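The structure is given below, and queries will be raised subsequently.
The values are calculated or read from the model by the stated rules, or taken from the named source; none is laboratory data. Being a predicted model, the structure only gives us computed values, none of them experimental. Every residue, glycine among them, receives a Cβ derived from its backbone with ideal geometry; neighbour counts consider all protein chains shown. For the accessible areas, the whole protein counts, side chains as well, though only heavy atoms, and no ligand, DNA or RNA atoms are used. Shrake-Rupley method; radii C 1.70, N 1.55, O 1.52, S 1.80 Å.
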Amino acid sequence: MIDVILGLQWGDEGKGKIVDYLANNYDIVARFQGGPNAGHTLKFDGKKYVLHTVPSGIFRPKLINLIGNGVVIDPTTLKKEIDGLIAADVDFQGRLLVSKKAHLILPTHSLLDAASEASKGKEKIGSTLKGIGPTYMDKTGRNGLRVGDILSPNFRAKYEKLRDKHLNLAKLYPWVEFDLSAREKAWFESIETLRSLELVDGEYYINQAMKAGKRVLAEGAQGSMLDIDFGTYPFVTSSNTISAGVCNGLGVAPQKIGEVIGITKAYCTRVGGGPFPTELSGEVGEKLRKIGMEFGATTGRPRRCGWIDIPALNYTIMLNGVTQLVVTKVDVLDEFETVCVGTHYRYDGEEHDSIPFDMADKKVDTVYKEYEGWNQTLAPFTEYEQLPTRVKKYITELESLLNVPVTMVSTGPERKKLILKPIGVPVG
Ligand code: GDP
Ligand code: IMO
Ligand code: MG
C-alpha cells in the first residue's frame with residue numbers, strides 16, 4: 001500500500017516536517033509532482049534543511065527516496081541539494097532514485113517563465129520562476145526532455161533543438177535579463193551529478209516494492225488549492241497536487257492508496273497572487289507573519305496570512321479523500337486573544353459552503369466564528385491530554401467542521417514537536 005501526505009491549502013503547510021517525522025514507519029518516500037518550486041523545511045538536532053527536489057525521507061538512514069515521473073527536475077537545483085547532503089554527511093548512495101520518465105527543466109524554461117510573468121504585469125501569477133509552467137507545457141505538448149534522455153547519444157542535439165525553440169518563443173515576450181551561457185554551463189555540469197544517481201523505471205520499481213510488502217509514503221508538493229484543475233485557476237501551479245496525482249506521478253493504481261494524510265496550518269497562508277478569502281491585511285496578518293516566520297522557503301517572499309478557511313478545506317478534503325488530518329503551527333496562535341475560523345463564504349448575496357467557479361474574479365467575503373485564544377505557550381506539552389482546554393476545543397471544532405479526525409498536532413518547527421492525538425479524545 002501507499003500512504004499519501006499532502007497540503008490542503010496553498011502550500012507550505014509543513015509537509016516536509018511531517019514526512020520526515022513519519023518516514024521511519026516506511027521503506028520508501030516518493031515525490032510525485034511539482035519540482036523546485038517546492039521548499040520543504042526539516043529541523044532536527046539544532047539544524048535546518050530545506051529540500052526542493054529530494055524527498056523528505058533522505059535524512060532517515062536506509063530509507064529509499066524516489067523522485068517520481070510526475071516531478072520536473074532542474075539538475076542545477078538538484079546538484080545544489082546533493083552538495084548540501086554531502087556537506088551534512090548524509091550517505092545517500094543507492095538511496096536516491098530518479099524516474100527516467102521525470103521531465104527536465106532546461107535553463108530556457110526558467111527564461112520563459114520569467115518572460116511570461118513579465119508580460120502579465122499586474123496580473124502575474126507570482127510564480128517562483130523555477131521554470132515549472134513551461135516545463136509541464138512541453139511535457140503535455142510532447143516536446144519535453146526526460147531524465148532517461150541523458151543516456152542517449154543524441155542528448156546534446158535534443159537539448160539544443162528544444163533550447164532553440166525556447167529562444168524563438170522568448171522573442172514574443174518582453175526582454176528579461178538572462179545569462180544563458182553561464183546557466184547552460186552549470187546545467188551540463190549538473191547533468192553529470194544526475195547521471196551518477198540511480199535512474200530507474202520508477203513505475204516498475206514502486207510496484208515491485210509494494211508487491212514485496214514495502215511500505216511507501218508519497219510526499220506531495222504545493223497544496224490542493226494550487227492544483228492545476230481544482231485550484232484557484234489561473235493562480236495555481238502546473239501539476240495535479242491532489243491525491244489523484246499520486247497515480248499518474250508514480251504509476252500506481254488507485255486501489256493501492258491507503259491513508260491520505262492532509263495537512264493544514266491552524267491558520268492559512270498563500271504566497272504569490274490570487275484569491276485568498278480569509279486574508280488578513282492589517283495588524284493581525286502581520287502578527288501571524290511575524291510569529292509564524294511566514295517567508296517563502298524557496299523565494300524568501302513574505303507569505304500572505306489569514307484565518308483558517310473551512311469551505312476551502314472541505315473542498316480539498318473531498319477532492320483528496322482525506323482520511324486523517326494534521327494541524328501544524330498551532331503554537332503560532334499562542335499569543336492571540338481571539339482566534340477566528342472562516343466557516344462560510346458570502347457571494348452573490350448569499351452564504352455558501354462551496355467554492356465558486358470564478359473565485360479569481362468574484363468578490364468573496366467570509367463569515368467567521370470567534371474562539372477565545374489560549375494565551376499561553378504550548379512549548380512544555382508533549383501529550384494531547386496535557387494541552388490547554390481551549391486548544392483541544394479548537395481542534396475538536398475543526399474536526400466537527402471538517403468531518404475528519406485530527407491525528408497529529410504540530411507545536412513547533414522541530415521534528416520532536418509533534419503531538420499524536422488518539423482518535424476520539426474528549427475535550428477538557
Ligand atoms: P512545506 O512546504 O509544506 O514543507 O512547508 P515549509 O517548509 O515551506 O513551511 C513551513 C514552515 O513552518 C517551515 O519554516 C517549518 O520549519 C515551520 N513549521 C512546521 N511546523 C511548524 C509548527 O508546528 N510550528 C511552527 N512554529 N513552525 C512550524
Ligand atoms: P511547497 O511544496 C507555496 C505558488 C507560487 C505561485 C504559484 C505558481 O513548498 O508547499 P509556480 O512556481 O509553480 O509556477 O508558482 O504557486 N507555489 C507555492 N506556494 N508553496 C509551494 O510549494 C509552492 N509552489 C508554488 O508562489 O503563486
Ligand atoms: Mg514550502
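Could you say whether any residue in segment 250-266 is open to solvent by 30 Å² or more (accessible area, probe 1.4 Å), at pLDDT 95 or above and either closer than 13 Å to Gln9 by Cβ or within 12 Å of ligand 2 (Cβ to nearest atom) (or both)?
No: zero hits.
Kindly indicate the residue of segment 1-26 that is under 10 Å from the mean Cα position of the chain (by Cα) and part of a loop (DSSP other than H, G, I, E, B) and also farthest from ligand 2 (Cβ to nearest atom) among those meeting that condition.
Across segment 1-26, the extreme among qualifying residues is Leu8.
Let me confirm something: among Thr108, Thr53, which residue is free of Cβ contacts under 8 Å to residues at least 60 places away in the same chain, buried (at least 21 other Cβ atoms within 10 Å of the Cβ) and of a type in the set (S, T, N, Q)?
After applying the criteria, what remains is Thr53.
Quick one: what pairs do we get from segment 289-306, first residue away from ligand 2 (no atom under 11 Å from the Cβ), second at pLDDT below 95 and open to solvent by 60 Å² or more (accessible area, probe 1.4 Å), C-beta under 7 Å, 6+ apart or different chains?
Here the result reads Phe295/Arg301, each pair linking segment 289-306 to a residue that is at pLDDT below 95 and open to solvent by 60 Å² or more (accessible area, probe 1.4 Å).
Scan segment 352-379 for residues that are open to solvent by 80 Å² or more (accessible area, probe 1.4 Å) and closer than 22 Å to Pro234 by Cβ and jot them down.
Those that are open to solvent by 80 Å² or more (accessible area, probe 1.4 Å) and closer than 22 Å to Pro234 by Cβ: Phe357, Asp361, Lys363.
Hey, another quick one. Which strands (runs of 3 or more DSSP E) sit wholly inside segment 176-294 and have at least 2 residues that are of a type in the set (Gly, Ala, Ser) and within 16 Å of ligand 3 (Cβ to nearest atom)?
Ranges flagged: 216-223.
Take Leu280 and tell me if it is crowded, with 20+ Cβ neighbours inside 10 Å and over 21 Å from Leu6 (Cβ atoms).
No: the conditions fail for Leu280.
Moving to a separate point now. Restrict the check to segment 287-303 and report whether at least one residue is at positive phi and modelled with pLDDT under 95.
Yes: one or more hits.
Same structure, new question: Here's a check for you: in segment 27-58, which residue that is under 13 Å from the mean Cα position of the chain (by Cα), assigned to a loop (DSSP other than H, G, I, E, B) and among the hydrophobic types (A, V, I, L, M, F, W, C) is farthest from ligand 3 (Cβ to nearest atom)?
Taking the candidates together, the pick is Phe32.
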